[in-house]
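First up is the structure itself, then whatever we jot down about it.
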Amino acid sequence: MKVIKSAASLFKYLKKLKARGKSVGFVPTMGALHAGHLSLIRQARKENNIVAVSIFVNPAQFGPQEDFKNYPRPLPKDLALCRKEKVDFVFLPRPEDMYAEGFSTYISVEGLSETLCGKSRPGHFRGVATIVAKLLNIVQPDVIYLGQKDAQQAVIIKRMVRDLNIPVKVKIMPTLREINGLALSSRNAYLDKKERQDALVLSKALALAKILIQSGARDTARIIGSMRRLISKKKNAKIDYIAIVDTENLKPVKKISGNYLIALAVKIGKTRLIDNFQGRFSTQSESVPA
Ligand code: AMP
């Protein structure tokens, strides 16, 4: 496995691979790899000749009061995991190379970035879209693999790729969870034992919404109200938002219909966690993922 630290050396390496017609599958990450990341890497391994992973804690997507400094960076462990998964190369750029002196070009995916997580994290998705665009230019993959766990991010990147004609296929993979339902996240490392228990309230609220929809509930305000009541029982949990939105434009929907996304962000103690599920409802057939 190669560890490549600069765009210039990566370009050289890729030129040879591309000349030999190799397909490249790419998994961008911020490191602190867990089974969720590994599921993306495994999918990329199945579908491509070359698997690329980037590890970069992107300063541009963190707000001034957020956890950029403390974000976990267990690099030797991450590299060992990548090696075990037979990753071909890890791109490990230096922040000063990614954001050189005078850096001033950003990408804003308007209309999708200001809502949901974007409301409490202004500028976050501008940082995400910019770094993903840069990484796509540098790694030049055929396919990029993203997790449904970050549903809004996935919608935004798909839109950016479409709007800017970036020649890459975007694949969204399902959220990996612990058996108890907790969505895997690098930020779970911040939770103590009690908070881990409290954090189950996110997936429980989603499970409640699914049950309500399966038993005929359609009014999204009422579904959100029930989720809110469930979460509010946990003293340690502070709701940032709960929303039911259209999966394409992320606009709130009043009644459950078509493709909908139920997304929420909740602070457990000091740790902000997100989760979601995507469902499809039509009068002919109803499908609510388990
Ligand atoms: P991050 O390192 O948090 O930026 O995540 C890198 C990629 O892994 C993103 O596409 C995430 O959506 C994805 N990811 C994070 N957690 C999970 C999970 N539990 N299951 C599947 N994919 C995930």
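The values are calculated or read from the model by the stated rules, or taken from the named source; none is laboratory data. Keep in mind it's a predicted model, so treat the numbers as computed, not measured. We place every Cβ from the backbone using ideal geometry, glycine too, and count neighbours over all the protein chains shown.
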*Candidate set from region 170-181 (those that are hydrophobic (A, V, I, L, M, F, W, C) and touching a strand residue (DSSP E or B) at 6+ places or on another chain (Cβ under 8 Å)); member that is nearest to the ligand (Cβ to nearest atom)*: Leu176
*Within region 79-92, can one find any residue that is under 22 Å from Ala129 (Cβ atoms), in the same structural domain as Ile131 (by TED's automatic domain parsing) and either at pLDDT below 95 or more than 12 Å from the ligand (Cβ to nearest atom) (or both)?*
yes
*Have a look at Phe56, Phe68, Phe62 and point out the one that is touching a Leu at 6+ places or on another chain (Cβ under 8 Å), surrounded by fewer than 20 Cβ atoms within 10 Å (Cβ to Cβ) and closer than 24 Å to Arg121 by Cα.*
Phe56
_Which residue is modelled with the highest pLDDT, if the candidates are limited to region 248-266 and must be outside any strand (DSSP E or B) and polar (S, T, N, Q)?_
Asn249
*Pairs under 8 Å by beta carbon, first residue under 10 Å from Ile144 (Cβ atoms) and at pLDDT 95 or above in region 167-183, partner in a loop (DSSP other than H, G, I, E, B) and more than 9 Å from the ligand (Cβ to nearest atom), six or more apart or different chains?*
Val168/Pro141; Val168/Asp142; Lys169/Asp142
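Is region 143-162 home to any residue that is without any contact (Cβ under 8 Å) to a residue 60 or more places away in the chain and among the acidic types (Asp, Glu)?
The answer is no; no qualifying residue exists.
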*Do you know which of the residues in region 182-236 that are outside any loop (DSSP other than H, G, I, E, B), over 20 Å from Gly258 (Cβ atoms) and among the polar types (S, T, N, Q) is nearest to the ligand (Cβ to nearest atom)?*
Ser186
*Among residues of region 38-97, those that are over 23 Å from Ser23 (Cα atoms) and not basic (Lys, Arg), counted*: 23
*Any residue in region 10-29 that is in the same structural domain as Phe89 (by TED's automatic domain parsing), at positive phi and without any contact (Cβ under 8 Å) to a residue 60 or more places away in the chain?*
yes
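Within region 184-225, restricting attention to residues that are hydroxyl-bearing (Ser, Thr, Tyr) and over 20 Å from the mean Cα position of the chain (by Cα), which residue is modelled with the lowest pLDDT?
Ser215
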*Taking only pairs six or more apart or across chains, which ones have beta-carbon atoms under 9 Å, a first residue in region 58-82 that is within 16 Å of Met98 (Cβ to Cβ), and a second residue that is loosely packed, with under 14 Cβ neighbours inside 10 Å and basic (Lys, Arg)?*
Phe62/Lys69
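If I ask for residues that are assigned to a loop (DSSP other than H, G, I, E, B) and within 16 Å of the ligand (Cβ to nearest atom), which ones from region 6-47 would you list?
First pass over region 6-47, keeping only residues assigned to a loop (DSSP other than H, G, I, E, B): 6, 20-23, 30-34.
Met30, Gly31, Ala32, Leu33, His34, listed by residue number.
Show me the helices (runs of 4 or more DSSP H) found entirely inside region 63-166 where at least 1 residues are among the β-branched types (Val, Ile, Thr).
On the way: elements: 75-84, 95-98, 117-120, 124-139, 151-163.
Those helices (runs of 4 or more DSSP H) span 124-139, 151-163.
Restricting region 141-157 to residues that are more than 8 Å from the ligand (Cβ to nearest atom) and closer than 16 Å to Asn49 by Cβ, which is surrounded by the most Cβ atoms within 10 Å (Cβ to Cβ)?
First, pick out the residues of region 141-157 that are more than 8 Å from the ligand (Cβ to nearest atom): 141-144, 151-152, 155-157.
Still in the running and closer than 16 Å to Asn49 by Cβ: 141-144.
Numbers: Pro141: 24, Asp142: 17, Val143: 17, Ile144: 26.
Taking the candidates together, the pick is Ile144.
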